[in-house]
Every structure is written in C-alpha cells, then in structure tokens.
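Chemist: Okay, here's the structure, questions in a sec.
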Amino acid sequence: MKQLAPFAGSGQWFKGNLHTHSTQSDGAYSPAQACEWYYEKGYDFIALSDHWVSTSGQIIHPDRFITITGVELDGPGYHMLVLGVDHTPDRELAASAADLARWVKHQGGMGFFAHPYWCGQTSQQILDAPDIYGVEVFNSDCDYGRNLGYSNVQWDEALTAGANLTAIAVDDTHWKKPYHGRGYVMVRSASLEEGQILEALKAGQFYCSTGPRIMDAAIHQREEGRFLSVKCSPCRYITFYGVDNQGARVRAESGLIDRAEILIKEKQRYLRIECQDEKGETAWTNAYRVDELLQMSL
C-alpha cells in the first residue's frame, strides 16, 4: 500500500479559511474581529482577501493563529482569489483573466478562480487561463445567497480537458449573514508559518471540506488490479469521479460508511474523491492523475 498526498509523509494538520473579507473592503468585521472569530472557532489561519486590498500575513497568536497574504481581484466575468502576493497589479491587467493569472504566477503566488458558478464562468474560460492554480469548488456565501456555491462541474470539465487544477472550499465571509465557518481547507504543513502553509498549498498538501474529515487516501495492489482507497469520518456516500461516467458512488446497505475503494483504469484519466455525510456536508480530495497512480511503485 502507498499513501497519497496529502496523507503521506510527515507534518501537522492546520485548518484555514482562505477567503475572508473585512472593513478594508465590503466586510462588516474589522480585520482584528475577523481573526478573533476564526481563532475562537478553532481555526489555525485565515487569508484576509479584501477586494483590491492586499493584506500581508501576520502572526496573530504565536504558534496558534496566523494570517496569510491574500487579496481578491476581479475582471470581466470572473473573480480571482490570490494568495502569497503582497501587492496588487494595475487594474488594466485584470481585463484578461489569463494575463492576471500569469502575473500572479510570476510574482510567486497562487490564483484561484473564485465562485465560478456564481460568476457564470465556464470550464472553457477557466482553461483559457492556463496559469491559474485552482478553483473554489465550494463557496459558502454563494451557496447561502443564491444556491450557486458548488462548482464541481466546471472543475470536472477542466480536469477532463487535461488541466491540473486543485480545489478549495471557502467561506467568502462578509459578516452580514450567518454562513461563515463552513468551507475550509485542511493543510498538512511542517509548521504554522505563512511560508510553510503557502508551500504546502502549492504542493497540493491539502484537502477541503464543509464538515467531513478525510483520514487517508492510498493505492494498493490486488490480483484484480490496482485500487484507490479512502478512509473518512462516517458518511452516507463516498464518490469517485473520473472522466465522464468513469467513476462510482459507494454507499452502505444500512447506516454509514467510513471507507471505500475503486479499481483504477486507464480510461478514468483522473480520480478525485468526495465524502458526503448524513447532513449533506462534503469533503473533497484533489484530483489524482491515473497514469501517475498506475506507474507508482508500491
């Protein structure tokens, strides 16, 4: 058996919300109030991502809570959450999502398309910005206000087309309605330091969730072939997604399940895992490329 990222290797788990607004733009809480709310709820970090206001990372409570550098930018038909860049570009650059994503990458940061479903953003428009790092697969604000919070389809279509995109779940907190504290990432990092958290995010050492926990994902060999397996907190469904209809949903005959597996096949091309609990909350792994899974030594 071989464990897969982010469950392989060493490191600690840290919980964070990567999309948070404050009174620096259109949020109702000050940066200090926003930090304190998440700290009291057991989070380890947040990104203050106000509109066109870059906020550098800070140590809020030593060894217990930090912020990481963030900002939300936007242009025609899209919004972009940017992490790890402590300044903003000229607004003219945002006329092109591809140009902005390229600029973010050149600055050493990560760009995520924010709430694609809410923006009406298609998978092709995502593919047209090849330097984007990932997408918000879940946005709590958009789910609460318009039922447009899930962007699974856009993500899957981009993965099917060959894009290597990670996915995050976020709150997009504005502090005006009670939807904060739902979407988050679980990052496996050497320590609770901004640089380490950002490097772990870049390396895909995380999963995201609105509630369930994922404890392990691994591959193992049996006579029938190679399998991808997952272990999670008790859930009603565990779903493996691949290209088109090349996945499977696993459910318990009665009660709940906490593990499942799928036979890996070349035609799946990629596999990602969703674990949904009895409340309807979901956890997502990032996608695994099938060719890499089949070539790994065990």
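The values are calculated or read from the model by the stated rules, or taken from the named source; none is laboratory data. None of these values were measured; they are calculated from a predicted model. FYI the Cβ positions are ideal-geometry reconstructions off the backbone, even for glycines, and counts take in every protein chain you see. Quick note on the areas: whole protein, heavy atoms, side chains included, nothing else; ligands and nucleic acids left out. Shrake-Rupley method; radii C 1.70, N 1.55, O 1.52, S 1.80 Å.
Chemist: Can you work out the accessible area per residue across the chain, with the rest of the protein chains kept in place, probe 1.4 Å, in square angstrom? Walk me through the numbers on the way to the answer.
Modeler: Numbers: 12900 Å² over 298 residues.
It amounts to 43 Å² per residue over the chain.
Chemist: On to the next question. Please say if region 87-215 is rounded, prolate or oblate, where rounded means a/c under 1.5 for a ≥ b ≥ c the square roots of the C-alpha gyration tensor eigenvalues, and otherwise the choice is prolate for a/b larger than b/c and oblate otherwise?
Modeler: On the way: a/c = 1.36, a/b = 1.10, b/c = 1.24.
Verdict is rounded for region 87-215.
Chemist: To continue, here is another question. Among the lysines, select those whose C-alpha is under 26 Å from the C-alpha of residue 2, and discard any that sit fewer than 8 residues away in the same chain.
Modeler: Cα-Cα hits under 26 Å: 15, 202, 231, 265, 267.
Chemist: For the chain, evaluate the Debye formula with one uniform point scatterer on each Cα (no solvent term) and list log10 I(q)/I(0) at q = 0.11, 0.16 Å⁻¹, rounded to two decimals.
Modeler: -0.62, -1.33
Chemist: May I ask you to order 54-64, 28-38 by the average number of other C-beta atoms within 10 Å around their residues, highest value first? Present the calculation step by step, with values, prior to reporting the outcome.
Modeler: Values: 54-64: 14.5, 28-38: 17.7.
Ranked by mean Cβ neighbours within 10 Å, highest first: 28-38, 54-64.
Chemist: Students often get this wrong: which residues of region 153-175 have the backbone nitrogen under 19 Å from the point 7 angstrom along Cα-to-C-beta of residue 23?
Modeler: 173-175
Chemist: Let me ask you something else. Give the share of C-alpha pairs in each 10 angstrom bin for region 156-296, from 0 to the last occupied bin, in whole percents, shortest bins first.
Modeler: Binned Cα distances yield the sequence 11, 36, 37, 13, 2, 0.
Chemist: Mean separation of Cα pairs under 8 Å and 6+ residues apart, divided by the residue count of the chain: what relative contact order is that in percent? Write out the running numbers ahead of the final one.
Modeler: Details: 735 pairs, mean separation 48.2, N = 298.
Across the chain, relative contact order equals 16 percent.
Chemist: Shifting gears a bit: At 37 °C and a viscosity of 0.692 mPa s, what translational diffusion coefficient does Stokes-Einstein give for region 224-298, taking Rh as the Kirkwood radius over Cα pairs? Give it in µm²/s as a whole number. Numbers along the way, then the final one.
Modeler: Working: Rh = 12.7 Å.
This corresponds to a translational diffusion coefficient of 258 µm²/s.
Chemist: Order of 239-245, 263-269 by packing, highest average Cβ count within 10 Å first? The partial results should precede the final answer.
Modeler: Values: 239-245: 17.7, 263-269: 14.6.
Most protected by this proxy first, the peptides run 239-245, 263-269.
Chemist: While we're looking at this one, here's another question. With label points built 7 Å along Cα→Cβ from the Cα atoms of residue 253 and residue 164, find their separation and express it in nm.
Modeler: Between residue 253 and residue 164, the simple spin-label model gives 4.3 nm.
Chemist: What does the highest-first list of 6-15, 41-50 look like by mean Cβ count within 10 Å? Show your work: numbers first, answer last.
Modeler: Values: 6-15: 15.1, 41-50: 22.0.
Descending packing order for the listed peptides: 41-50, 6-15.
Chemist: Excluding residue 298 itself, what net charge comes from residues whose Cβ is under 10 Å from its Cβ, given Lys and Arg +1 and Asp and Glu -1?
Modeler: Values: positive: 2, 226; negative: none.
The answer is +2.
Chemist: Using the Cα centre of region 172-298 as origin and beta-carbon charges of +1 (Lys, Arg) and -1 (Asp, Glu), tell me which of 207, 298, 282 is placed farthest towards the positive end of the dipole.
Modeler: Selected residue: 282.
Chemist: Report, to the nearest 10°, how far helix 97-106 tilts away from the longest principal axis of the Cα atoms in the chain, using its own Cα long axis and a range of 0 to 90°.
Modeler: With both axes taken from Cα atoms, the answer is about 90 degrees.
Chemist: When only the heavy atoms of the protein chains count and the probe is 1.4 Å, how do 131, 90, 172 rank by accessible area, highest first?
Modeler: On the way: 131 40, 90 115, 172 5 Å².
The ordering from most to least exposed comes out as 90, 131, 172.
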